Amino acid sequence: MEQFTKGDWRVSCDPLDVGIIKCDGIMVARAHSGVNVPYTEKVKANANLISSGPDMYAVLKMIQIEGGLSVARHKQVDKVLAKARGESCGK
């Protein structure tokens, strides 16, 4: 059984909370590149990848159970990969 907080995880779009991953307004993870390290694009990229974890897990689990990749499943894969790349902030 999964032990992680179920999605929907979102990266905060607030410039003061860069790297914060939230679910239902509660911080579930934080991406950073070290102690007292200022914001970098890498921190934001890491946060985007981390936040897509539950979505990736769910899609892979569906593929495992159902087998194959339907057109609808391809769209889900495209969506979760876009989230991992940070292309879905605020959506």
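The values are calculated or read from the model by the stated rules, or taken from the named source; none is laboratory data. Quantities reported herein were computed from a predicted structural model and do not represent experimental measurements. For neighbour counting, all protein chains shown are included, and Cβ atoms are generated from backbone atoms with ideal geometry for every residue, glycine included.
Here are the numbers:
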| item | result |
| --- | --- |
| Residue in segment 54-72 that is hydroxyl-bearing (S, T, Y), closer than 18 Å to C23 by Cβ and either out of contact with any helix residue (DSSP H, G or I) (no Cβ under 8 Å at 6 or more places or on another chain) or in contact (Cβ under 8 Å) with a residue 40 or more places away in the chain (or both) present | yes |
| Total residues in segment 1-46, condition in a strand (DSSP E or B) and either among the aliphatic types (A, V, I, L, M) or at pLDDT below 75 (or both) | 7 |
| The listed residue being at pLDDT 80 or above, surrounded by fewer than 18 Cβ atoms within 10 Å (Cβ to Cβ) and in a loop (DSSP other than H, G, I, E, B), out of L69, L49, L81, L60 | L69 |
